[in-house]
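Engineer: Please read through the structure below; I'll follow up with questions.
The values are calculated or read from the model by the stated rules, or taken from the named source; none is laboratory data. Here the structure is a predicted model, which is why all the values come from computation and not from measurement. Positions of Cβ are backbone-derived with ideal geometry, glycine not excepted, and every protein chain shown enters the neighbour counts.
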Amino acid sequence: MSPIPQPIYELHHEAKLHAPVLVVALEGWMDAGMGAGTALATLLPASSAEPLVTFDADHFLDQRARRPLTKITDGVISEITWPGIRIEAGHDLNGADVLYLVGAEPDFHWRSFIAAVVELTVGWGVRMVVALGAFPAPAPHTRPVRLAATAPPSSAQMLERIGVVQGELEVPTGIHAPLELAFGEAGVPAISLWARVPHYVAAMPFPESSAALIDGLSAVSGLALDSTSLRAAADASRQTVDGLIAGNSDHLAMVARLEQAVDAAEGNPLNASGDLPTGEEIAAEFERYLRDEGQ
């Protein structure tokens, strides 16, 4: 007798949603400067988000790659926190419905996961999907963080509001890309926003990238969101980086060159089009970042 198929997710309750926006911010892929992670940590409490769907972690996650956390008090194991994937439901500052796809990026069964997410998305009448991420780029910390965007062919017109990295890229992908294509095939507008984090601070928290992602999310979706607290943290972070590079003439010269290149590029801070960076430069920074993460 063949085993009985188990459901791959649990729907906690029926939600009455009105044209929600789905925000995708899964852990485990490209998130330089903790841009998307910090943005999500800011958005969820402000949205009063609560779990709506929980996916079967045993089906989608490798527990040895994402080990559970054990809480031990005086030698006694009191709690195990398991990694998971879920969709949470909340509201923006004006009460508009927002959904968040959060938790660990799946290790297995991407196609069934994508099919389930798209089915739920269409059933809820989601009007737009926006994914968040951040990558290391040849950009100075002394200038506003710019965004770049990707989208499926059916949503290509949305790229004009943000801008793109010019040229052709071929890089390893996270689940964002196949999700985008699946949403496009289902007729749901979808776009990914990527904060360009200065490559020399990509391994440390860089809250300005998170603020830029929240502002970009608000701009493309029309949601009322607040990045004020992150802007304050960004000022402190910028001063810290200033102090770290102040005593190194090579680092100061590098920042000056990056400033000249960015200042020569045209466009508003949301627009990433222009002469910097090239596709080759971005690919090189991707490879360096992934190599460092592996070490």
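Engineer: Return the total of residues in segment 213-258 being at pLDDT 90 or above and among the β-branched types (Val, Ile, Thr).
Structural biologist: The number of residues fulfilling the criteria is 3.
Every residue, every condition in (1) charged (D, E, K, R); (2) surrounded by fewer than 22 Cβ atoms within 10 Å (Cβ to Cβ); (3) within 28 Å of residue 158 (Cα to Cα), yes or no:
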site: 189; (1), (2), (3): no, yes, yes
site: 196; (1), (2), (3): yes, no, yes
site: 207; (1), (2), (3): no, no, yes
site: 210; (1), (2), (3): no, no, yes
site: 214; (1), (2), (3): no, no, yes
site: 231; (1), (2), (3): yes, yes, yes
site: 238; (1), (2), (3): yes, yes, no
site: 255; (1), (2), (3): no, yes, no
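Engineer: Another question, if that's okay. Assess whether residue 96 counts as being more than 30 Å from residue 137 (Cα to Cα), surrounded by fewer than 22 Cβ atoms within 10 Å (Cβ to Cβ) and either touching a residue at least 60 places away in the same chain (Cβ under 8 Å) or in contact with an Asp or Glu (Cβ under 7 Å, 6 or more places away or on another chain) (or both). Break it down into steps so the answer makes sense when it comes.
Structural biologist: Numbers: more than 30 Å from residue 137 (Cα to Cα): yes; surrounded by fewer than 22 Cβ atoms within 10 Å (Cβ to Cβ): yes; either touching a residue at least 60 places away in the same chain (Cβ under 8 Å) or in contact with an Asp or Glu (Cβ under 7 Å, 6 or more places away or on another chain) (or both): yes.
It is true that residue 96 is more than 30 Å from residue 137 (Cα to Cα), surrounded by fewer than 22 Cβ atoms within 10 Å (Cβ to Cβ) and either touching a residue at least 60 places away in the same chain (Cβ under 8 Å) or in contact with an Asp or Glu (Cβ under 7 Å, 6 or more places away or on another chain) (or both).
Engineer: If you scan segment 27-71, which residues turn out to be in a loop (DSSP other than H, G, I, E, B) and over 20 Å from the mean Cα position of the chain (by Cα)? Full working, then the answer.
Structural biologist: Step one: filter segment 27-71 for residues in a loop (DSSP other than H, G, I, E, B), giving 28-30, 48-49, 56, 61-68.
Once the filter is applied, which keeps residues that are in a loop (DSSP other than H, G, I, E, B) and over 20 Å from the mean Cα position of the chain (by Cα), segment 27-71 yields 56, 62, 63, 64, 65, 67, 68.
Engineer: Out of 133, 103, 125, 90, which single residue is on the phi > 0 side of the Ramachandran plot and assigned to a strand (DSSP E or B)? Working first, answer last.
Structural biologist: Numbers: 133 fails: on the phi > 0 side of the Ramachandran plot; 125 fails: assigned to a strand (DSSP E or B); 90 fails: on the phi > 0 side of the Ramachandran plot.
Result: 103 is the single residue among 133, 103, 125, 90 that is on the phi > 0 side of the Ramachandran plot and assigned to a strand (DSSP E or B).
Engineer: Also, I was wondering about something else. Among the numbered criteria (1) within 18 Å of the chain's Cα centre (by Cα); (2) β-branched (Val, Ile, Thr); (3) buried (at least 21 other Cβ atoms within 10 Å of the Cβ), which single criterion is violated by residue 114?
Structural biologist: (3)
Engineer: Same structure, new question: Counting only residues that are assigned to a loop (DSSP other than H, G, I, E, B) and under 16 Å from residue 132 (Cβ atoms), how many does segment 203-215 have? Even if it seems obvious, please write down each step before you answer.
Structural biologist: Let us first name the residues in segment 203-215 that are assigned to a loop (DSSP other than H, G, I, E, B), namely 203-206.
Then drop every residue that is not under 16 Å from residue 132 (Cβ atoms), which leaves 205-206.
Summing the residues that are assigned to a loop (DSSP other than H, G, I, E, B) and under 16 Å from residue 132 (Cβ atoms) in segment 203-215 gives 2.
Engineer: Looking only at residues that are exposed (fewer than 12 other Cβ atoms within 10 Å of the Cβ) and either hydroxyl-bearing (Ser, Thr, Tyr) or at pLDDT 90 or above (or both) in segment 14-38, which one is nearest to residue 145 (Cα to Cα)? First the steps, then the outcome.
Structural biologist: Within segment 14-38, the subset exposed (fewer than 12 other Cβ atoms within 10 Å of the Cβ) is 14, 16, 18-19.
Within this subset, residues satisfying the condition of being either hydroxyl-bearing (Ser, Thr, Tyr) or at pLDDT 90 or above (or both) are 16, 18-19.
Details: 16: 36, 18: 32, 19: 30 Å.
The selected residue is 19.
Engineer: Among the residues in segment 175-197, are any touching a helix residue (DSSP H, G or I) at 6+ places or on another chain (Cβ under 9 Å), acidic (Asp, Glu) and in a loop (DSSP other than H, G, I, E, B)? Spell out how you get there, then give the answer.
Structural biologist: Initial filter on segment 175-197 (touching a helix residue (DSSP H, G or I) at 6+ places or on another chain (Cβ under 9 Å)): 175, 178-197.
If we keep only those that are acidic (Asp, Glu) too, we end up with 180, 185.
Subsequent filtering for residues that are in a loop (DSSP other than H, G, I, E, B) retains none.
No: zero hits.
Engineer: Looking at segment 44-90 only, could you name the residues that are surrounded by fewer than 20 Cβ atoms within 10 Å (Cβ to Cβ) and touching a residue at least 60 places away in the same chain (Cβ under 8 Å)?
Structural biologist: Passing the criteria: only 46.
Engineer: What do you reckon, is residue 96 over 20 Å from the mean Cα position of the chain (by Cα) and under 19 Å from residue 221 (Cα atoms)?
Structural biologist: Values: over 20 Å from the mean Cα position of the chain (by Cα): yes; under 19 Å from residue 221 (Cα atoms): yes.
Considered against the rule, which asks whether it is over 20 Å from the mean Cα position of the chain (by Cα) and under 19 Å from residue 221 (Cα atoms), residue 96 comes out as yes.
Engineer: Something else now. Any idea which of (1) in contact with a strand residue (DSSP E or B) (Cβ under 8 Å, 6 or more places away or on another chain); (2) hydrophobic (A, V, I, L, M, F, W, C); (3) at pLDDT 95 or above is the one residue 41 doesn't satisfy?
Structural biologist: (1)
Engineer: Here's a check for you: in segment 216-229, which residue that is in a helix (DSSP H, G or I) and small (Gly, Ala, Ser) is surrounded by the most Cβ atoms within 10 Å (Cβ to Cβ)? Step through it out loud before you land on a result.
Structural biologist: Going residue by residue through segment 216-229, those that are in a helix (DSSP H, G or I) are 216-221, 228-229.
Narrowing further to those that are small (Gly, Ala, Ser): 216, 218-219, 221, 229.
Numbers: 216: 28, 218: 17, 219: 15, 221: 21, 229: 13.
Checked segment 216-229; the qualifying residue surrounded by the most Cβ atoms within 10 Å (Cβ to Cβ) is 216.
Engineer: For segment 177-201, enumerate the residues that are within 30 Å of residue 238 (Cα to Cα) and either under 14 Å from the mean Cα position of the chain (by Cα) or hydroxyl-bearing (Ser, Thr, Tyr) (or both).
Structural biologist: Keep residues of segment 177-201 that are within 30 Å of residue 238 (Cα to Cα), which gives 191-201.
Passing the criteria: 191, 192, 193, 194, 195, 196, 197, 200.
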